[in-house]
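The values are calculated or read from the model by the stated rules, or taken from the named source; none is laboratory data. Nothing here was measured: the structure is a model prediction, and the numbers come from that model. So basically every Cβ, Gly included, is an ideal-geometry build from the backbone, and we count neighbours across all protein chains shown. For accessibility, only protein heavy atoms count, side chains too; no ligands or nucleic acids. Shrake-Rupley method; radii C 1.70, N 1.55, O 1.52, S 1.80 Å.
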Amino acid sequence: MTSVASDPTVSPWVGGLLDSFGRKAEDLRISLTDKCSLRCTYCMPAEGLQWLAKDRVLSDEEIVRLASIFVALGVNSIRLTGGEPLVRPGVAELVARLSALDPRPELSLTTNALSLADKAAALVSAGLDRVNVSLDTLDRARFAELTRRDRLDDVIAGLHAAAAAGLNPVKINAVLMREINLAEAPELLEWALRAGFEMRFIEHMPLDAQHAWTRADMVTAEEVLTVLEPRFTLRPIGHIANAPAEEFEVLDGPGRAEWAADQHRVGIIASVTRPFCRDCDRLRLTADGQLRTCLFAHRETDLRGALRAGASDDELARMIATAVSAKAAGHAISAPGFRQPDRPMSAIGG
Ligand code: SF4
């Protein structure tokens, strides 16, 4: 397949968004804001960050227009992220407009759930299909220490509201830190299984605003399994489609008789020690309209600038296809000379 980059006569609209490794980009993460309602210690400083100026942030109109171009280019799944996406006003209306795209992409959201209890029903009516909630501990004091906010109850209420509104599965993403919450992993898993949520443990990635990440401090997937296996019987399933999580079926463990749901799973996202870049189908659009073909990219494509300068859909599509065709093989975190991107995770989105 001749790529757009090498042959300008090739229409960007034909054949999907292929990179030079044959990977097809079908999953778009859209960051709605770089702001957040929490201050997680492994993500940003207590005082927060220099937020994007309002006029640099994409409007709903611009997001829907760009999303419609990505969908026409073969994207079939859109995840709304942040910062914390629900601090942006009007997310349900935006979801409704995205769910009206044809073909309709699957719509999901990654949130800290602080305001989910109030918004879950409206988001589902608008067309939201799935939700991932970030929650690293069930201990109130530890939550307040980790996030610098005493809001654990709101997160729990948000999770139950999401399930009650019909979102399924409701997934929980937890980042584990050796001296803080690693020992709590079995309890988190048991709690999720009883409540009918799907637990996932994530290796902390070098994307913190403070650039304090070290590999030595990072809890590996192996460590997580070492903590879980004495308490739970796990059967490996592997990666489902191109999803980042390595899935395990939980066959047995504490509270087995009270486990809700008919499917008992736990996922581990081992971006650093077991990278899954070979099957990556993800792209990211930042809140200020920059296309990142990888979380760890050092180059971005300024779609906002082109859009506001009057670019046509065809020109924008060509920019997207050209960027994707130049996508790097992977994050190279383990390679000598790895350099953390300047833009932090909070301004890229999960
Ligand atoms: S690190 Fe980059 S290439 Fe690898 S899975 Fe993540 S986004 Fe894809």
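Details
- Given (1) touching a helix residue (DSSP H, G or I) at 6+ places or on another chain (Cβ under 8 Å); (2) within 25 Å of GLN210 (Cβ to Cβ); (3) away from the ligand (no atom under 12 Å from the Cβ), index of the condition LEU295 fails: (3)
- Taking the criterion of being within 9 Å of the ligand (Cβ to nearest atom) and either assigned to a helix (DSSP H, G or I) or under 14 Å from the mean Cα position of the chain (by Cα) (or both), the residues of segment 258-292 that qualify are SER271, CYS277, ARG278, ASP279, CYS280, ASP281, ARG282, LEU283, ARG284, ARG292.
- With respect to (1) modelled with pLDDT of 95 or more; (2) within 15 Å of the ligand (Cβ to nearest atom), the lone exception for HIS239 is condition (1).
- Residue match in segment 327-337 (condition: among the hydrophobic types (A, V, I, L, M, F, W, C), open to solvent by 20 Å² or more (accessible area, probe 1.4 Å), at pLDDT 95 or above and within 16 Å of the ligand (Cβ to nearest atom)): yes
- Top-ranked residue of segment 248-257 - restricted to ones that are of a type outside the set (D, E, K, R) and part of a strand (DSSP E or B), ranked as farthest from the ligand (Cβ to nearest atom): LEU251
- Of the residues making up segment 307-326, those that are within 13 Å of the ligand (Cβ to nearest atom) and either part of a loop (DSSP other than H, G, I, E, B) or open to solvent by 60 Å² or more (accessible area, probe 1.4 Å) (or both) number 1.
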